Every structure is written in C-alpha cells, then in structure tokens.
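The values are calculated or read from the model by the stated rules, or taken from the named source; none is laboratory data. Small disclaimer: the values here were computed from a predicted structure and weren't measured. Here the Cβ positions follow ideal geometry from the backbone for every residue, glycine too, while neighbour counts run over all protein chains shown. The area values use the complete protein model at the heavy-atom level, side chains included, leaving out ligands, DNA and RNA. Shrake-Rupley method; radii C 1.70, N 1.55, O 1.52, S 1.80 Å.
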Amino acid sequence: MSSCKVMVKAASFMMIATLLARLLGLARDMVFYTWFGQSHATDAYNAAFSIPDLIYVLLVGGALSSAFIPVFSSYLARDQEEEAWEAASIVFNYIMLVLLIVIVVAEIYTRPLMLLMVPNLPPEEITLAVTLTRVMFIQTFFMALSGISLGILNSKQHFITPAIGSVLYNVGIIVVGLALARVWGIMAFSIGVVVGSILNLLVQIPALLKAGLRYYPSFNIHNPGFKKIMILMLPVLLGLSVSQINLLITQNLASGLAAGSISALRLAQRVMQLPIGIFGIPIAMALFPGMTAQVAKNEMSDFKRTFSLGLRGIFLITIPAGVGLIALREPLIQLLFQQGKFTSSDTAATCLVLISYCFGIFAYSGIQLLNRVFYSLQDTITPVVVGIVSIVINIVFSLVLIGPMQGRGLALAYTLAGIVNLLVLIGILKWRLISIDAFKIFTSFVIAGAASGVMYLAVTFLNNYLKTTLTLAPKLNELIILISGIGLGVLVYGFIILLFKQEEAQLILGLIKRRIPRLGR
C-alpha cells in the first residue's frame, strides 16, 4: 500500500504541473489564433507539425518510452543501476544516430511529404507549410533528448522536472512568437517552437545529474538491456506507425474542406486533450513505473489493485470533464479565442467539432493507462493489434461521416475508435488476469456517467439563464458564465459522487487536501 501512496503523490504533483503546462498551451493557442485566426495559413502552420511530430512520436515519444521505462525500471528494481545506465546509453546513441539521418532525409524531401499530408491546400500555403516544417525539424532533435530524459527520470520516480519542461516549452513559444510576430509573421511561432524545445531540455539536465546520470559511448548491439528494449519497442513502433496513419488521413481529408478546417480540428482536439493531459496521462505515467516494479516482484494482487484504482480514478474525473466541456463549450471558446482575427464563425466551427471529441475523453484517458498496463506486463503486441483494429474503424468512419458531417464526422470517427480501443483492451486484460475488479470499474463508470448527466442539465440551465440576463461587456459575461458553470458543475457532481462513498472519490479528495497546501509552501 505504501508504494501505491507514493504513486498517488507522484500523480498529484504531475497533475498540478501538467495543469499549468496545459493552461499555458491554451494561452499559446490564444495568442496564435488572435493574431492569425483560422485560415489556410494557420492550416499550413498546423500541418507543419505533422512530419516533426511523426518522427518524434515514432522514435522517442511513444515507442521508445513505452519500451524503455519497463526495462530501465526492472534493472533499478533489482539494484542493477550500472547495467541500467549502460543500456540507456546504447539506446541513446542509436536513437540520436537514426534521428539525424531521418531529419536530413526529411529536410530534402519536405515538399513531396507535405503534398502527401495536405494535398488540397492552395499552392502558396503548401510552400508556407514546407518552410515552416523545415524550421520545426530543429525542435525534433531537442524534443528527442527531452523524451529520453523523461523516460529516465520517470523510471527514477521523478516526475516534476519533465512537467516543468513542458511549461517552459509553451513559455518559449509565446514569448518568441509575440516578440517576432510583427516582423516575421507566422514564422515567429515556428521559431518559438524551437526555442521552447531547447528550454524543455535544459531544465531537465540538473535533475538528470542529480539522478546519477552515467554515459557510455557504446554501440554494443549485444547488450541484454538494449536487445530487450528493441524487442519491446518494435511492435509499439509498428502500432504507432499505424496510428499515425489515422492522423494523416484525418488531416488529408480535412485539407479538402473549408479554409480553417484543419485549424478547427486541431484547436478542438487540444481543448479535448486538456483533461486527458491533466488527469489521464499523469495518472498513467505515475502508475507505470510502480506497476512495472510490482510485476517484476510478482506482486500481482497489488498490481491489479493499482490498475483498478487508477482506471476508476480516471473515469471519475474525465467523464464529468468531457460533459462539462460540452455544456460550456461556447463561453469557453468565445472567452479564450474570439478576438482579433478569430471570428464568431471560427467559434461555431470549433464548438461543433469539440462536441464530437468530448465524448471520447474518458476513452483516450483510459487508454493511456491500459496501454501501460500491458507494457508493464512486457506485452507490447496486444496494444498494437488492438490499435490497428481501432485505426481501421477510425478510417472507415472518417470516410463515411465526412460527407454528411464534414469536420464533425472526422472528430466523431476518432471518438468511436477510441471507445472501441478501450473496451477491447479491458476485455483482453480481464481474460488474461481473470480478476480486474470489473464490477467495481463498471459501477464507477455508471455512477460517474449518471452524475455527469445531472450536472450537465444544471449547468446548461444556468448557462442559458445567464445568457439572457447578463448585460455586461461580452468578455466579462463569458467569464461569469464560465466560472459560474464550473462552480455549479463541481458542486452538483461532487455532491452526488460523495453520496456513494466510492474508494476512488475518497482517494482523490484526500489527495487534493494533502497536496495543494504542501505545494503552496
């Protein structure tokens, strides 16, 4: 139980730090869309992230971290720190070598790659996307270093510094973008991305040194740890390659819709990612090293309890978060983004897409934990196979729904694929482990869903009432509606949930009471 408490405390720190990072991410988007609105130019900027993000996710952000943390943590659990650092060094050396080669090749073939990503953008915007992409390739190198650092620090149960790095990443984009936007236009924000990635890395270096960083200039392919990481990494790499096809097809199809469609989809997805990033990912990342250690020590009863409590906690928070975003979508988007070149029609387009995305928040949050549960069991095949099935579903629904629903159809297809992914993973895990507290998980889901429904009705009623009665300045009206809606939603949902005295509710309530005062000291 003590190990579980340590993981919960780590999750609480990560949630607060990630909340700040995500809020700054919203501030970054607010500044960007105020300057440029939603147009073919902003579509080009968003498309420019595609190739650098693809390289990072495949080489480091997903595949490597998912394979690296279980192996590195297993060495540490067995007090084999020397072997852990040697394996980490070899992985680092090969990743950097491959990354440099890939970036050089991608720099040469950026235009044909961009024509594949967004073929239906106007020619001048394709040219802009190519230029912006070549600048953003620089950030891929630094983000890869940060990704490897994150894997090491998380294995050492150190979660705060990587989260602070995310904060500085957004600060860099905002400061540089604002400073240079009048002179260099949209290019200023691409340069800000590079500066932010450098700051993200620099802040993690002291923590790495404190963690006992050791480096070996070795390319020994016969190292047992390296071989194990590569064996675990290849299936994840395959799965992520397939999942990236989903994003590319969505972007490809959206490039043929009205100007600003790619930007509306991307902005709505970022808003939808807020609760996933603040709650789902921190909980999953905080539990991951501990679950890996529990499996390594054959503490399977503790492992099952950790997973069950984690998934119930994720549902408890993310289901009302998704419903709340649907209820307050208009005042939220209006307050944050509707100014400058971001018009009311941009708000309407973003809100329509956001509704479809919000229904999948609980699923994609749960997937963050479920994937890591299988990785803890050193099973990278199952998430890959399930991921491939869900991506096929996504593609089929995207092609079917884009005609009648346009961008909303692409978002709904993404949501449906996520729900299928989650359900299949839970089913397979139950089949393998026999007991996963399935009844508790289902009961928690139903209670959270019902309470969220009541919350939605209350918040919507208040929202509509305030719209017709408030006569202040538009931004002040929107702020009052948003704050009032959030406050009422928390009270209604919290009251209903506490009536059931669920274990996960008591845990999260105690977590908030314990951690926030300490952070204020």
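I want to confirm something. Restricting to region 236-252 and keeping residues that are of a type outside the set (S, T, N, Q) and open to solvent by 20 Å² or more (accessible area, probe 1.4 Å), which single residue is modelled with the highest pLDDT? Per the criteria, the residue is 249. I'd like to know if region 344-367 contains one or more residues that are more than 20 Å from the chain's Cα centre (by Cα) and more than 13 Å from residue 268 (Cβ to Cβ). Yes, there is a match, as at least one residue in region 344-367 is more than 20 Å from the chain's Cα centre (by Cα) and more than 13 Å from residue 268 (Cβ to Cβ).
For residue 332, indicate whether it is open to solvent by 30 Å² or more (accessible area, probe 1.4 Å) and closer than 17 Å to residue 30 by Cβ. Spell out how you get there, then give the answer.
Numbers: open to solvent by 30 Å² or more (accessible area, probe 1.4 Å): no; closer than 17 Å to residue 30 by Cβ: yes.
Judged against the criteria, residue 332 is not a match.
Across region 155-177, which residue is modelled with the lowest pLDDT among those that are surrounded by fewer than 21 Cβ atoms within 10 Å (Cβ to Cβ) and not in a helix (DSSP H, G or I)? The selected residue is 157.
Residue under question is residue 145, and the condition is that it be under 26 Å from residue 98 (Cα atoms), surrounded by 24 or more Cβ atoms within 10 Å (Cβ to Cβ) and not hydroxyl-bearing (Ser, Thr, Tyr); does it hold? Don't jump to the end; show me each part of the working.
Values: under 26 Å from residue 98 (Cα atoms): yes; surrounded by 24 or more Cβ atoms within 10 Å (Cβ to Cβ): no; not hydroxyl-bearing (Ser, Thr, Tyr): yes.
Spelling it out, it is not the case that residue 145 is under 26 Å from residue 98 (Cα atoms), surrounded by 24 or more Cβ atoms within 10 Å (Cβ to Cβ) and not hydroxyl-bearing (Ser, Thr, Tyr).
Every residue, every condition in (1) open to solvent by 20 Å² or more (accessible area, probe 1.4 Å); (2) modelled with pLDDT of 85 or more; (3) among the hydroxyl-bearing types (Ser, Thr, Tyr), yes or no:
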{"position": "5", "(1), (2), (3)": "yes, no, no"}
{"position": "12", "(1), (2), (3)": "no, no, yes"}
{"position": "23", "(1), (2), (3)": "yes, no, no"}
{"position": "31", "(1), (2), (3)": "yes, yes, no"}
{"position": "42", "(1), (2), (3)": "no, yes, yes"}
{"position": "54", "(1), (2), (3)": "yes, no, no"}
{"position": "63", "(1), (2), (3)": "no, no, no"}
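Is there a residue being among the polar types (S, T, N, Q) and buried (at least 22 other Cβ atoms within 10 Å of the Cβ) anywhere in region 294-303? Yes, region 294-303 has at least one match.
Note on region 253-283: among residues that are open to solvent by 50 Å² or more (accessible area, probe 1.4 Å) and part of a helix (DSSP H, G or I), the one that is nearest to residue 314 (Cα to Cα) is 279. Every condition in (1) surrounded by fewer than 19 Cβ atoms within 10 Å (Cβ to Cβ); (2) within 21 Å of residue 95 (Cα to Cα); (3) not basic (Lys, Arg) holds for residue 152 except the one numbered (1). The residue list 214, 111, 134 contains one member that is more than 27 Å from the chain's Cα centre (by Cα), under 16 Å from residue 54 (Cα atoms) and in contact (Cβ under 8 Å) with a residue 12 or more places away in the chain, which is 111.
Hydrophobic (A, V, I, L, M, F, W, C), loosely packed, with under 13 Cβ neighbours inside 10 Å and out of contact with any strand residue (DSSP E or B) (no Cβ under 9 Å at 6 or more places or on another chain), is that true of residue 100?
On the way: hydrophobic (A, V, I, L, M, F, W, C): yes; loosely packed, with under 13 Cβ neighbours inside 10 Å: yes; out of contact with any strand residue (DSSP E or B) (no Cβ under 9 Å at 6 or more places or on another chain): yes.
Here the answer is yes, as residue 100 does meet what is asked.
For region 111-129, a residue qualifies if it is surrounded by fewer than 19 Cβ atoms within 10 Å (Cβ to Cβ) and β-branched (Val, Ile, Thr), and exactly one does: 127. Would you point out which residue out of 67, 106, 47 is of a type outside the set (Lys, Arg), over 30 Å from residue 215 (Cα atoms) and open to solvent by less than 20 Å² (accessible area, probe 1.4 Å)? Testing whether each residue is of a type outside the set (Lys, Arg), over 30 Å from residue 215 (Cα atoms) and open to solvent by less than 20 Å² (accessible area, probe 1.4 Å) leaves just 47. Given the conditions (1) farther than 16 Å from residue 274 by Cβ; (2) in contact with a Ser or Thr (Cβ under 9 Å, 6 or more places away or on another chain); (3) open to solvent by less than 10 Å² (accessible area, probe 1.4 Å); (4) in contact (Cβ under 8 Å) with a residue 40 or more places away in the chain, report the number of the one that residue 361 does not fulfil. With (1) farther than 16 Å from residue 274 by Cβ; (2) in contact with a Ser or Thr (Cβ under 9 Å, 6 or more places away or on another chain); (3) open to solvent by less than 10 Å² (accessible area, probe 1.4 Å); (4) in contact (Cβ under 8 Å) with a residue 40 or more places away in the chain applied to residue 361, the lone miss is (1). Starting from region 395-420, take each residue that is in contact (Cβ under 8 Å) with a residue 40 or more places away in the chain and more than 17 Å from residue 266 (Cα to Cα) and list its partners that are open to solvent by 60 Å² or more (accessible area, probe 1.4 Å) and part of a helix (DSSP H, G or I), counting only C-beta distances under 8 angstrom and pairs at least six apart or across chains. Listed by first residue and then by second, the contacts come to 395/245; 416/397; 417/397.
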